[in-house]
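Peer 1: Next up is a structure, given as structure tokens.
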Amino acid sequence: GVDKRVMNMAALVPGGKSQANVFGAVIQERTFSGSTVFEWKSLDHIPVVDATEDTDLTQPTIDYIHVNSVFREANGDFLISCRHTDEIIKVSRLTGQVLWRMGGEKSKGNQFTFIDDETDGFTGFSHQHDVSRTANGNIILFDNGNLKPSPPNPSSRVAEYEVNETAKTAKLVWSYRPTPDVHAMTMGSVQE
């Protein structure tokens, strides 16, 4: 869902509007009868100023986080893909607290070190979506690559990470991107 709040962005960024409409994300778990048993609001946990550089915080309307997928873990916790912060965040189903934030080079809240994942000097992923866990416990996502340098920009791919949540490391163990020839009928794989 969406949590629209009027905020004084002039107090947070130069040129910000004093009455900006800021759209945050709402994640709810509800019963079939309509009772809400869990609710999490991004604006209560992730600062608006953590949006990536291509999100204009001086606009009258701001979509600062843009949640585009939610994956429920086996223990009930949530992996949430936040496109406009370049992050995957893990939220506790029991407390609603953010357990960790994992993001690419342009993420302002990243807590992880990326291993074996550098493309043209850019570390990690950018403007990702469709996060989930694989059967072996790795995290897999679609990396749009929007904020990566040229060439190639964007460099979309699928990326799979072996994640150590205690040591806060994310090791790229597999990736796939189409071949550069857009007319090719076959796809190639790239191991990075």
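The values are calculated or read from the model by the stated rules, or taken from the named source; none is laboratory data. Remember, it's a predicted structure, so these values are computed and weren't measured experimentally. Side chains included, ligands, DNA and RNA excluded: accessible areas come from the protein's heavy atoms. Shrake-Rupley method; radii C 1.70, N 1.55, O 1.52, S 1.80 Å.
Peer 1: Using a 1.4 angstrom probe, figure out how much accessible area region 73-136 has per residue, in square angstrom, rounded to the nearest whole. Walk me through the intermediate numbers first.
Peer 2: Working: 2570 Å² over 64 residues.
Here the residues of region 73-136 average 40 Å² of exposed surface.
Peer 1: If amide hydrogens are placed 1.01 Å from N in the peptide plane, which non-local residues have theirs closer than 5 Å to the one on Trp174?
Peer 2: Under 5 Å from the amide H of Trp174 lie the amide H atoms of Glu160, each far enough along the sequence or on another chain.
Peer 1: Still on this structure, please answer the following. Sort region 13-67 into rounded, prolate or oblate with this rule: let a ≥ b ≥ c be the square roots of the eigenvalues of the Cα gyration tensor; rounded if a/c is under 1.5, and if a/c is not under 1.5, prolate when a/b is larger than b/c, oblate otherwise.
Peer 2: prolate
Peer 1: At 1.4 Å probe size, with the rest of the protein present, what percent of the exposed accessible area of region 1-72 is carbon and sulfur atoms? Working shown, then result.
Peer 2: On the way: 2000 of 4000 Å².
Whole-percent figure for carbon plus sulfur exposure: 50.
Peer 1: Given a 1.4 Å probe and heavy atoms of the protein chains only, how would you sort Asp116, Asp63, largest accessible area at the top?
Peer 2: Output order, biggest surface exposure first: Asp116, Asp63.
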